[in-house]
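Let me begin by presenting the structure, written as structure tokens, before commenting on it.
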């Protein structure tokens, strides 16, 4: 018996998923660039905030960019909630 797929149960295309991960990485690197720039203007203890952002943000950006969405296994419900059996007449 073949399993039928509905439009709502299909995953994003690989291109769409890759693009979303690239956008997340680009935004994180833009924030890092702002942190590096802020290091030149901030003084005192406040300098630690942008410095930590500039040092640790690349790690989180790479981890976020490399995380791929988990694909559901066959027969696993895609949304929480009760399953209603299909009644055929």
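The values are calculated or read from the model by the stated rules, or taken from the named source; none is laboratory data. These figures come from a predicted structure and were not determined experimentally. Glycine gets a Cβ as well: all are built from the backbone with ideal geometry, and neighbour counts include every protein chain shown.
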Of all residues making up region 35-48, the number that are surrounded by 12 or more Cβ atoms within 10 Å (Cβ to Cβ) and more than 24 Å from the chain's Cα centre (by Cα): 5
For region 1-34, the count of residues that are over 15 Å from residue 61 (Cβ atoms), more than 16 Å from the chain's Cα centre (by Cα) and either at pLDDT 80 or above or surrounded by 12 or more Cβ atoms within 10 Å (Cβ to Cβ) (or both) equals 1
Does any residue of region 57-78 turn out to be modelled with pLDDT of 75 or more, over 19 Å from the mean Cα position of the chain (by Cα), in a helix (DSSP H, G or I) and exposed (fewer than 10 other Cβ atoms within 10 Å of the Cβ)? no
